[in-house]
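To start, the structure itself, in structure tokens.
Every number here is computed from the coordinates shown, using simple stated rules; none is lab data. Please read all numbers here as calculations on a predicted model, not as lab measurements. Cβ: placed from backbone, ideal geometry, glycine included. Neighbour counts: every protein chain shown.
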Amino acid sequence: MLYAGFFYAFLVITPLFKGRTGLTASLHHYLVITALGADRPGIVNTITRHVSSCGCNIEDSRLAMLGDEFTFIMLLSGSWNAITLIESTLPLKGAELDLLIVMKRTTARPRVALPSTVWVQVEVPDSPHIIERFTGLFDACDMNIAELVSRTQPGTQEDIAQLFIQITAHSPASQNAANIEQAFKELCTELKAQGSINIVNYSQHDEHDGV
């Protein structure tokens with residue numbers, strides 16, 4: 001059966017921090033930051049405290065542990081001065097903390113009405129190209145993958161290694177979501193995988209579940 005709890009224990013994929021200032025949207029500037037380094041107590045708080053000291057808001061964030069390393073991705077907003085300040089000071093803070101820092105300016109993403117959202121969870125014997133098969137399925141159905149989480153559980157003498165996958169995708173057309181359900185079931189059957197799919201059609205307020 002699916003190991004549903006691993007996604008919460010292994011990877012935090014929901015927003016961790018959000019904030020707002022009195023700035024209007026037109027005065028906001030945006031910066032994406034990725035911090036990568038060895039995990040140790042207090043390091044996330046040190047980064048977020050530095051962000052706040054520069055006058056920036058954390059609009060969205062993701063945190064993951066990969067091996068002995070942690071990666072922290074943030075979308076920051078702030079005035080031109082605030083964003084410029086953190087661009088100039090965070091590399092020094094990163095060097096102090098022995099972190100690899102990557103930064104890139106971006107813009108606010110407009111909210112686009114998407115008629116359908118699809119969530120899938122899969123448990124399958126691990127082998128090369130498995131994730132590619134599922135991402136290819138969404139691509140063939142013209143769906144945009146918004147989140148992908150995967151984890152391998154090592155095998156034992158009695159059991160082979162298992163791969164757990166969770167994907168969230170959005171569709172600009174409701175028929176695309178309808179097409180993927182049968183294709184997903186067929187792929188799970190081919191790969192001898194246990195899978196579940198949940199489709200929400202917002203335009204019709206209709207929900208389908210399949211296993």
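Odds and ends about this structure:
- Counted residue by residue at 0.36 nm each, then reduced by the alpha carbon distance between them, the extension gain from Val102 to Trp119 reaches 3.1 nm.
- Additional length obtainable on full extension of the chain from Leu66 to Leu92, 0.36 nm per residue less Cα span: 7.0 nm
- Whole-Hz ³J(HN,Hα) from phi, Karplus 6.51 cos²θ - 1.76 cosθ + 1.60, for the stretch 144-159, glycine and proline x: 8, 6, 9, 8, 9, 10, 9, 7, 9, 9, x, x, 10, 5, 8, 10
- Förster radius 25 Å - calculated FRET efficiency between Asn179 and Asn144 (Cβ-Cβ, nearest 0.05): 0.95
- Taking the square roots of 5 times each eigenvalue of the Cα gyration tensor of the stretch 124-163, largest first, gives ellipsoid semi-axes of 26, 10, 5 Å.
- Extending 7 Å from Cα along the Cβ direction at Leu27 and again at Tyr202 yields two label points whose distance is 2.9 nm.
- In this simple spin-label model, placing a label point 7 Å from the Cα along the Cα-to-Cβ direction at both Ser79 and Thr34 gives a separation of 3.1 nm.
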